[in-house]
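Below is one structure; the comments refer to it alone.
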Amino acid sequence: MDKRLCPVWTSTGVIPCRSFGVRRCRWRTGHLGNQSRKSSRYLSITKYDDQFNKSWTKQVFQQNGHSDIDLMAVLGEDIYVFISEYFPRDRTVRTSYSQFDLEGNAIETSKQISELPNEKGLRVDLKYTRSINKKKLLCYKNLNEGTKSETILYYLFDAQSKEFVEGKIEIPYPDDKFQVRKIMVSNAGKVYVLGKFFKVNKVKAPDDFGFKIYQYEAGVAEGKEVTIDLGELYLTDLTMKIDREENIFLAGFFSHQSTDEIIGTCFFRINSQLEEEVRSSQRFSDEFLVNFLRDKQIERGRELQNFYLDNIILRSDGGVLLIAEKFYTTFNSYVDVYGYWVDQKIYHYDEVIVNSVSANGDLEWSAVVPKRQQSERRDQLSYIDVVSGTNVYLIYGYQPEKSPERSTSTASTSMAKSPSAKP
């Protein structure tokens, strides 16, 4: 089971100024939550100053049992709130947005951008991503229509030009042969799609599948294609980031044996003209592998299993950090006090590994955060990575050993080393 199919962490209600991408003197901290403590019917935006004193509150949403807030974000000098509402009579879900300035004054109210069928097989929720400078917001949905091409509809908001562009992308691979892995929007408003395509139903060799990057100008249906591969190596996991100069950074893991294992890191850098500048792959050191494998297993070529790439962080010197977590599920059955069999599905989120790769693709160092988490509820597991200065902090919860007196849940923070220095 792929960890990416089991989302764990969701964004909090309090969003700091830096996340909003606006001047600190204009907006300190914002919160989207209940308008009053006595009722949860109305939701409002609340602004706080640098002393965390409330400046103002504006109602933005009245709950009716059919609506959900998808996203609150700041683009430039405006606040956007996206809401999806289900209409039972039409069996559709309509997504609209309201726009406010940083003083809470309404600029746009409940403007609809999409309407989608709500049938089980056709239901597709909008997803959202912002550019690095927080001036572009891309809302998109990947349609599962069973057609001969992969279809992506998107809506692009531009805080600088105040323009709204609706576009459609058709990738020349069938829905069942192409997996969209990541979609990003650049500061220039270009849309980038990273996808994995399959030539056969069951992968037995490295050339049975591959990765593609597509670059699209806003509003233009046809895009440019780049193929990503490592020759005879299995490219098992890959994700991308785009910097301010439109350079594409791709990093992930590779294997000698299968798509379910990893034995080292891979790194690609592609410039804004879609020309490949760096391609590299490096095996993990034996000193790192002994954290998970015995010496004889390493000698026999054993590789790591159940690790999934969560994020890559761009370093200021052109390198990247790769952060991955070990994830798997187990099943347990027991007889309860009433004599009934109960089946349990247990989610395991264990060690986090951090790998530092230089701008030339060299694997400089690797670190392990040793943790063990398991529960029937995924929302209590995994971690959050936070970049502060030259350090990356991993924040996660753990359950200390139970004592007869009490049992508590505790948060822990681990520093995963400096992005630019060897640990």
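If a residue has to be farther than 14 Å from GLU170 by Cβ and of a type in the set (Asp, Glu) to count, how many in the range 203-229 make the cut?
Qualifying residue count for the region: 4.
Please specify each residue of the range 283-306 satisfying the condition of being surrounded by 17 or more Cβ atoms within 10 Å (Cβ to Cβ) and either in contact (Cβ under 8 Å) with a residue 60 or more places away in the chain or out of contact with any strand residue (DSSP E or B) (no Cβ under 9 Å at 6 or more places or on another chain) (or both).
The answer is PHE284, PHE288.
Return the residues of the range 244-299 that are farther than 20 Å from LEU363 by Cβ and hydroxyl-bearing (Ser, Thr, Tyr); say none if nothing qualifies.
Within the range 244-299, SER258, THR259, SER272 meet the criteria.
Using beta carbons and a limit of 9 Å, which pairs, at least six apart or on different chains, have the first residue in the range 66-87 and over 14 Å from LYS111 (Cα atoms) and in contact (Cβ under 8 Å) with a residue 12 or more places away in the chain and the second one of a type in the set (Lys, Arg) and assigned to a strand (DSSP E or B)?
Final answer for the pair search is ASP70/LYS127; ALA73/ARG130; LEU75/ARG130; LEU75/LYS136; TYR86/ARG94; PHE87/ARG94.
Can you tell me which residue in the range 49-64 is farthest from LYS136 (Cα to Cα), limited to those that are free of Cβ contacts under 8 Å to residues at least 40 places away in the same chain and under 28 Å from the mean Cα position of the chain (by Cα)?
Going through the qualifying residues, I end up with GLN63.
Just one of (1) at pLDDT 80 or above; (2) under 20 Å from LYS127 (Cα atoms) trips up ASP101, so point out which.
Among (1) at pLDDT 80 or above; (2) under 20 Å from LYS127 (Cα atoms), the lone unmet condition for ASP101 is (2).
Tally up the residues in the range 335-355 that are among the charged types (D, E, K, R), touching a residue at least 12 places away in the same chain (Cβ under 8 Å) and either farther than 19 Å from LEU394 by Cα or out of contact with any Asp or Glu (no Cβ under 8 Å at 6 or more places or on another chain) (or both), please.
2
Take LEU126 and decide whether it is modelled with pLDDT under 85, within 22 Å of the chain's Cα centre (by Cα) and surrounded by 13 or more Cβ atoms within 10 Å (Cβ to Cβ).
It is true that LEU126 is modelled with pLDDT under 85, within 22 Å of the chain's Cα centre (by Cα) and surrounded by 13 or more Cβ atoms within 10 Å (Cβ to Cβ).
So how many residues does the range 234-260 have that are of a type in the set (D, E, K, R) and over 21 Å from the mean Cα position of the chain (by Cα)?
Number satisfying all stated conditions: 1.
From the set of residues in the range 354-391 that are under 17 Å from the mean Cα position of the chain (by Cα) and assigned to a strand (DSSP E or B), which is modelled with the lowest pLDDT?
Per the criteria, the residue is VAL387.
Looking at this structure, is VAL226 modelled with pLDDT under 95, within 28 Å of ILE132 (Cα to Cα), of a type in the set (Val, Ile, Thr) and over 21 Å from the mean Cα position of the chain (by Cα)?
Here the answer is yes, as VAL226 does meet what is asked.
Mind listing just one residue for me: the one in the range 307-343 that is on the phi < 0 side of the Ramachandran plot and outside any strand (DSSP E or B) and, of those, surrounded by the most Cβ atoms within 10 Å (Cβ to Cβ)?
Applying the filter and picking the extreme gives GLY319.
Which ones in the range 39-79 are farther than 30 Å from GLU163 by Cβ and exposed (fewer than 13 other Cβ atoms within 10 Å of the Cβ)?
Listed by number, the residues that qualify are SER39, SER40, ARG41, ASP49, ASP50, GLN51, PHE52, ASN53, LYS54, ASN64, GLY65, HIS66.
Return yes or no: is PHE82 modelled with pLDDT of 85 or more and surrounded by fewer than 17 Cβ atoms within 10 Å (Cβ to Cβ)?
no
Name the single residue that is farthest from GLY318 (Cα to Cα) among those in the range 269-286 being of a type outside the set (Ser, Thr, Tyr), assigned to a loop (DSSP other than H, G, I, E, B) and more than 24 Å from the chain's Cα centre (by Cα).
Restricting to residues being of a type outside the set (Ser, Thr, Tyr), assigned to a loop (DSSP other than H, G, I, E, B) and more than 24 Å from the chain's Cα centre (by Cα), the top hit is PHE284.
The values are calculated or read from the model by the stated rules, or taken from the named source; none is laboratory data. Quick caveat, the model's predicted, so the values are computed rather than measured. Heads up, the Cβs are rebuilt from the backbone with ideal geometry, glycines too, and the neighbour counts pull from every protein chain shown.
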